[in-house]
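The values are calculated or read from the model by the stated rules, or taken from the named source; none is laboratory data. Quick caveat: nothing in here was measured; it's all calculated off a predicted structure. Positions of Cβ are generated from backbone atoms using ideal geometry, with glycine treated the same way; all protein chains shown enter the neighbour counts. All accessible areas refer to the heavy atoms of the entire protein, side chains included, with ligands and DNA or RNA removed. Shrake-Rupley method; radii C 1.70, N 1.55, O 1.52, S 1.80 Å.
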Amino acid sequence: MGKHGMSTLVDTYGRTHRNLRVSLTDRCSLRCTYCMPHDFAAWLPNEELLSTDELLTIIEVAVQQGIDEVRLTGGEPLLRPDIVEIVERIAGIENAPRLTLTTNGIRLPDLAGPLAKAGLNRINVSLDTLSRERFKTLTYRDRFDDVILGLKAANAAGLFPIKVNAVLLKDINDDEAPAILEWALENEYSLRFIEQMPLDAGGIWDRATLITADEIYAALSTRYTLTPVDNRGSSPAEEFYINGSSATVGIIGSVTRPFCGACDRIRLTSDGQLRSCLFSNVETDLRRVLRDESLNSATKKQEIAARFQKTVISKLPGHGINDPTFIAPIRPMSAIGG
Ligand SMILES: C[S@@+](CC[C@H](N)C(=O)[O-])C[C@H]1O[C@@H](n2cnc3c(N)ncnc32)[C@H](O)[C@@H]1O
């Protein structure tokens with residue numbers, strides 16, 4: 001029951017779901033090696049993507065079920081041509097959820113202002129290195145300067161606090177943790193390091209070369225004194241105060257320090273499939289309901305609500321990455337929505 005009441009999205013382990021991650025497209029302007037194969041071409045056909053009306057119907061139902069935060073992601077959400085309209089329409093629904101967006105930042109110079117005006121509450125920008133050359137190696141695109149301009153545009157548009165996500169890869173950028181933190185502090189960005197997860201669909205993930213949360217903590221500790229912040233709640237990041245100040249840095253140990261016990265997230269793919277977890281191998285089809293011409297609008301909404309319940313009820317206690325029987329999802333992260 002929306003922002004002002006009880007959520008009905010409670011799973012069998014007592015976890016209440018309030019956060020919906022919505023992938024707006026599986027396409028991206030970068031090819032981050034840990035996210036999708038650089039020659040990936042199995043894009044979803046346009047007609048399989050949810051239309052903006054379909055998306056809005058699902059989000060309205062989700063809010064009525066207790067979702068109070070929507071994070072727009074992808075692929076690259078700013079590649080969606082009507083992104084400003086999408087934000088404006090979500091911000092305009094009854095009991096509007098808190099609205100955030102995760103982006104590679106490249107289109108922010110044009111879009112940060114319009115997005116802020118349309119009602120976007122906050123932004124996460126992904127940046128893994130401060131080196132233009134390394135950026136090119138990591139993403140297969142020479143767009144480092146555009147990301148920096150994008151961050152500046154987010155700042156000018158007042159989309160505070162600006163969060164920066166960084167993934168560290170062995171022998172590529174794992175020596176940069178303290179330098180990236182120093183840069184983030186100088187620019188007043190709120191930095192979070194994310195452990196690399198097995199979601200690249202190209203099979204490059206290897207536990208043996210994983211830069212772990214403990215290693216990231218140790219690297220940062222060579223230059224900074226970190227003090228744990230209490231009250232983590234459902235946040236995936238363990239936050240630390242830096243040098244006794246109020247500034248913090250987060251470490252998301254998805255693999256080695258899983259936080260599934262407090263997970264409050266569900267995910268909608270750009271082709272209208274609901275997932276209870278990034279690593280789920282089961283999806284519930286909402287697009288089929290929306291496009292079923294035998295159903296009227298009220299029945300469609302009831303059925304979508306029922307499918308939200310079914311997805312949450314079937315959620316497993318953990319992501320299972322560390323189980324011997326773990327099978328990585330077939331879709332790359334870019335297609336699920338990060
Ligand atoms: C999939 S991207 C989508 C949004 C947008 N294109 C961006 O670059 O932020 C969202 C986040 O997922 C992270 N990500 C992608 N693949 C990952 C993986 N295998 N392990 C950990 N994080 C990953 C990215 O670094 C990024 O911060």
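The table that follows gives values for the structure above.
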item: Filter result (part of a helix (DSSP H, G or I) and open to solvent by less than 10 Å² (accessible area, probe 1.4 Å)) within region 140-189; result: Val147, Gly150, Leu151, Ala154, Ala177, Ile180, Leu181, Ala184
item: Leading residue by the ranking (nearest to the ligand (Cβ to nearest atom)) among those in region 190-220 that are open to solvent by 50 Å² or more (accessible area, probe 1.4 Å) and among the aromatic types (Phe, Trp, Tyr); result: Trp205
item: Residue in region 221-239 that is away from the ligand (no atom under 15 Å from the Cβ), out of contact with any helix residue (DSSP H, G or I) (no Cβ under 8 Å at 6 or more places or on another chain), in contact (Cβ under 8 Å) with a residue 12 or more places away in the chain and of a type in the set (A, V, I, L, M, F, W, C) present; result: yes
item: Residue match in region 123-139 (condition: away from the ligand (no atom under 16 Å from the Cβ), more than 27 Å from Pro37 (Cα to Cα) and open to solvent by 10 Å² or more (accessible area, probe 1.4 Å)); result: no
item: Complete set of residues in region 288-338 that are of a type outside the set (A, V, I, L, M), away from the ligand (no atom under 16 Å from the Cβ) and open to solvent by less than 50 Å² (accessible area, probe 1.4 Å); result: Lys300, Phe308, Thr311, Lys315, Gly318
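Residue by residue, here is whether (1) outside any loop (DSSP other than H, G, I, E, B); (2) open to solvent by 20 Å² or more (accessible area, probe 1.4 Å) holds:
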| site | (1), (2) |
| --- | --- |
| Leu55 | yes, no |
| Ile59 | yes, no |
| Ala62 | yes, no |
| Ile67 | no, no |
| Leu78 | yes, no |
| Glu85 | yes, yes |
| Ile90 | yes, no |
| Asp110 | yes, yes |
| Leu115 | yes, no |
